[in-house]
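The values are calculated or read from the model by the stated rules, or taken from the named source; none is laboratory data. Values in this document were obtained by computation on a predicted structure and should not be read as measured data. Note: ideal-geometry Cβ built from the backbone for every residue, glycine included; neighbour counts use all protein chains shown. For the accessible areas, the whole protein counts, side chains as well, though only heavy atoms, and no ligand, DNA or RNA atoms are used. Shrake-Rupley method; radii C 1.70, N 1.55, O 1.52, S 1.80 Å.
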Amino acid sequence: MSFFSYIIWDVNPNVFSWSEIPRWYGLLFASGFLISQQIMFYLYRKEGKPEKDVETLTIFMIVATVIGARLGHVFFYEPDKYLANPLDILKIWEGGLASHGAAFGILFGLWLYTKYDIRIKFFWIIKGLLGIPVGGSAKKIVRPGQNYFQVVDRIVIVVALTGCLIRMGNFMNSEIYGLPTHSEQGVLFSKNVEQVFITDSSPIEELGIEKDNTREMSSNGYVPVVLNLKFKDQPNVLTKESLDRYLTGRFTSITENYSYVNEHISLGDTNVLEYDLNEKNGIFEAQISAYGIVRHPTQFYEAFTCLLLFLLLFFLWTRKKENTPSGLLLGLFLIILFGLRFVHELFKENQVSFEDGMALNMGQILSIPLILAGVFIFVRALREKPMTDKVGH
């Protein structure tokens, strides 16, 4: 086993083990907007622009991101499902957000922001940090020093950081993971396995997975692991004979046929369950020899590249601030983010089955026009003189 060996990722997606609310994904998602708002206050203050506009801008960003991401998933990935049951589109808590849809939503939402003066009245819970909109008005306006590209150039800085936090939320949730590495490098996502087997109707009380250094990797590149099972304290129901039948029957069937399990655990080339069943203090325990399917942690890949992109864009902004060529940061953002997204998709599982027969998956197809748009905007920005505030301040 190499020094840089895989890790077994079994972090609880809930922040507190005793409650399903909040979840890490939601917490990181919300934190992205809260932190971004504070950074936007800083950018506007340094450029001498009205900081009060950031409050309105934040509302536009939240609404545009959520609606765009949701509709992106609906129309790009599962249109048949949602068009047959339109009310399900509103069930965002069931999952289904697409980053490409969020990108389109943000670009459109910011266009609206630059065309209309939106005054939002807030009830502040934490002044300048967390507030609840309680009213407002809207009228057409031209915002001095805030044309479309100037606004988007600043927004993409914080969007990159928010994207980093959202992808870390996906990592904490053990979702949107990558293809098997067929090696010892990567991540074994074990939480889904535990959630399948530990239910009210299951005889299993606890399930843990640990590395097994006494065996070699399987012929298809899966790593040896031991599943440690502790059964419920039901002496009148659970016997050695009944548990033998369960392990060789129901347990084996679930392991082989349930995608939430067989995407992470394999019984090996023979598909024959090898286990030891013992009784300790009236409670049965089992140690099962199996193989773990180590995968690319693509959520972490994307989070890391988003963080680097945030640092790059912020650094470029610090060089010229309000004199940054209009569209320069947006062009770079689209080229780098979606160029890397195209590459990341090579290591990711397809999200829906219709992608399996495609030369390029949906994520790659949707990235291409955004990359091309980024190239056009970037070249256009380089050809222009550095922006100065022509309206004056």
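The condition (being open to solvent by 50 Å² or more (accessible area, probe 1.4 Å) and part of a helix (DSSP H, G or I)) is satisfied by just one residue among Glu256, Glu175, Glu194, Glu205: Glu256.
Residue check: is Ser266 open to solvent by less than 50 Å² (accessible area, probe 1.4 Å) and of a type in the set (Ser, Thr, Tyr)?
yes
The residue of the range 1-54 that is most open to solvent (accessible area, probe 1.4 Å), among those that are more than 25 Å from the chain's Cα centre (by Cα) and under 22 Å from Cys164 (Cα atoms), is Tyr42. When Asn271 is tested against (1) without any contact (Cβ under 8 Å) to a residue 40 or more places away in the chain; (2) open to solvent by less than 30 Å² (accessible area, probe 1.4 Å), just one condition goes unmet, and that condition is (2).
Within the range 234-253, being farther than 17 Å from Ile288 by Cβ and surrounded by 12 or more Cβ atoms within 10 Å (Cβ to Cβ) holds for Gln234, Thr239.
Applying the set (1) surrounded by fewer than 17 Cβ atoms within 10 Å (Cβ to Cβ); (2) polar (S, T, N, Q); (3) in contact (Cβ under 8 Å) with a residue 60 or more places away in the chain to Thr318 leaves exactly one unmet item: (3).
The residue that is surrounded by the fewest Cβ atoms within 10 Å (Cβ to Cβ), among those in the range 332-353 that are charged (D, E, K, R) and touching a residue at least 40 places away in the same chain (Cβ under 8 Å), is Glu349.
Considering every residue within the range 57-80, establish whether at least one is polar (S, T, N, Q) and either in contact with a Leu (Cβ under 9 Å, 6 or more places away or on another chain) or part of a helix (DSSP H, G or I) (or both).
Within the range 57-80, one or more residues are polar (S, T, N, Q) and either in contact with a Leu (Cβ under 9 Å, 6 or more places away or on another chain) or part of a helix (DSSP H, G or I) (or both).
Of all residues in the range 41-63, those that are within 23 Å of Lys320 (Cα to Cα) have Cβ atoms under 6 Å from Cβ atoms of residues that are part of a loop (DSSP other than H, G, I, E, B), 6 or more apart or on another chain, in Phe41/Glu51; Tyr44/Glu51; Arg45/Glu51; Gly48/His393; Lys49/Gly145. For the range 246-297, filtering for residues that are among the β-branched types (Val, Ile, Thr), under 16 Å from Glu205 (Cα atoms) and at pLDDT below 95 leaves 1. Checking the range 281-291 against the condition returns a match, with at least one residue being touching a helix residue (DSSP H, G or I) at 6+ places or on another chain (Cβ under 7 Å), closer than 28 Å to Tyr6 by Cα and either charged (D, E, K, R) or surrounded by 19 or more Cβ atoms within 10 Å (Cβ to Cβ) (or both). Annotation: of all residues in the range 110-140 being modelled with pLDDT of 80 or more and in contact with a strand residue (DSSP E or B) (Cβ under 9 Å, 6 or more places away or on another chain), the one that is most open to solvent (accessible area, probe 1.4 Å) is Lys140.
The set of residues from the range 292-302 being surrounded by 21 or more Cβ atoms within 10 Å (Cβ to Cβ) and either in contact with a Lys or Arg (Cβ under 9 Å, 6 or more places away or on another chain) or under 30 Å from Gly249 (Cβ atoms) (or both) comprises Gly292, Ile293, Val294, Arg295, Thr298, Gln299, Glu302.
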